[in-house]
1. Please verify whether residue 205 is in contact with a strand residue (DSSP E or B) (Cβ under 6 Å, 6 or more places away or on another chain) and among the charged types (D, E, K, R), treating the condition exactly as stated.
2. Residue by residue through the range 147-196, note down the ones that are under 23 Å from residue 83 (Cβ atoms) and not aliphatic (A, V, I, L, M).
3. Conditions: (1) without any contact (Cβ under 8 Å) to a residue 40 or more places away in the chain; (2) part of a helix (DSSP H, G or I). Residue 203 meets all but one. Number of the miss?
4. I'm trying to understand the selection: among the residues of the range 58-84, which are part of a helix (DSSP H, G or I) and among the hydrophobic types (A, V, I, L, M, F, W, C)?
5. Can you tell me which of 128, 88, 151, 103 is under 13 Å from the mean Cα position of the chain (by Cα) and surrounded by fewer than 17 Cβ atoms within 10 Å (Cβ to Cβ)?
6. Could you say whether any residue in the range 173-190 is over 25 Å from residue 102 (Cα atoms), charged (D, E, K, R) and in contact with a Lys or Arg (Cβ under 9 Å, 6 or more places away or on another chain)?
7. Which of (1) open to solvent by 40 Å² or more (accessible area, probe 1.4 Å); (2) touching a residue at least 24 places away in the same chain (Cβ under 8 Å) is the odd one out, the single condition residue 112 does not satisfy?
8. Only residues that are small (Gly, Ala, Ser) and part of a helix (DSSP H, G or I): list them for the range 144-182, please.
Amino acid sequence: ASRTTILADWFGVSGHGLSPNPFLKLAAFTLLPKTQSIARRVRTSLVGHKVLEQTAGSPDVELLLRAWYLARCSRASAPGQDLAYYALTYKHVHFRGERPWYLRWDAIRRKVPLEGKHVVDLGTNMGLLPAFALLHGARKATGIDADPQILVAARLVARAFGVTPEFVGADLIEGPDWESTAATADIAFAMSLLRWLPENRRVLEFLRTQRELVYEGHDPLPLEIERLRRWG
């Protein structure tokens with residue numbers, strides 16, 4: 001099941017074949033097995049002396065280096081891949097990951113009004129969405145994730161960008177009440193989330209109460225539409 005989930009997240013694979021999403025295919029292409037030895041060398045270079053020398057006196061970059069190290073060692077991304085979920089280029093330093101953050105963020109920023117709103121991100125991972133939402137005018141941003149190590153990375157990301165999102169450690173399936181923390185959201189984000197959950201009823205019950213929802217799934221579009229309509 002975890003292998004199927006990883007393929008779905010990288011390639012858009014489902015029981016009905018490949019997703020038509022070319023961005024997911026592109027992100028996946030960069031992670032083909034033949035490139036892994038190259039990727040390891042790039043990663044070694046990233047955290048080597050040259051980068052640290054270039055970033056000396058740049059606390060924000062050093063915070064991001066720490067965050068990406070924690071993220072790639074955490075259980076919040078592809079199991080056994082030693083790779084962070086998001087890739088980011090900042091101040092001429094490239095932080096490697098499964099998918100480019102700026103492509104995703106640009107699509108959100110152009111279509112989702114965030115000014116003055118409370119944003120809640122379920123399965124926030126590295127916390128980039130709450131951080132960038134605050135940088136672009138959100139009144140408040142809350143990120144919820146079950147993995148304690150990835151939340152440490154998310155807090156380092158927030159410090160690097162000089163913002164203060166609220167991060168909540170909670171199991172979305174069996175954890176104590178996280179819904180009340182997120183109940184005041186103006187916009188809820190559930191991006192690439194349901195497929196990673198063995199049971200999604202609780203999350204869907206929460207999502208149906210939200211005034212605005214940004215949702216990303218991996219099943220064919222008719223199935224996703226039917227699922228969302230079924231849950232109201």
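The values are calculated or read from the model by the stated rules, or taken from the named source; none is laboratory data. As the structure is a computational prediction, the values presented were derived from the model and not from experiment. Methodologically, a virtual Cβ is constructed for each residue, glycine included, from the backbone with ideal geometry; neighbour enumeration extends over all protein chains shown. With ligands, DNA and RNA removed, areas are computed over all heavy atoms of the protein, side chains included. Shrake-Rupley method; radii C 1.70, N 1.55, O 1.52, S 1.80 Å.
1. No: the conditions fail for residue 205.
2. 147, 148, 149, 155, 159, 161, 167, 169, 189, 192, 195, 196, listed by residue number.
3. Residue 203 satisfies every listed condition except (1).
4. Correct list: 61, 63, 64, 65, 67, 68, 70, 71, 73.
5. 103
6. Yes.
7. (1)
8. Listed by number, the residues that qualify are 153, 154, 158, 160, 180, 182.
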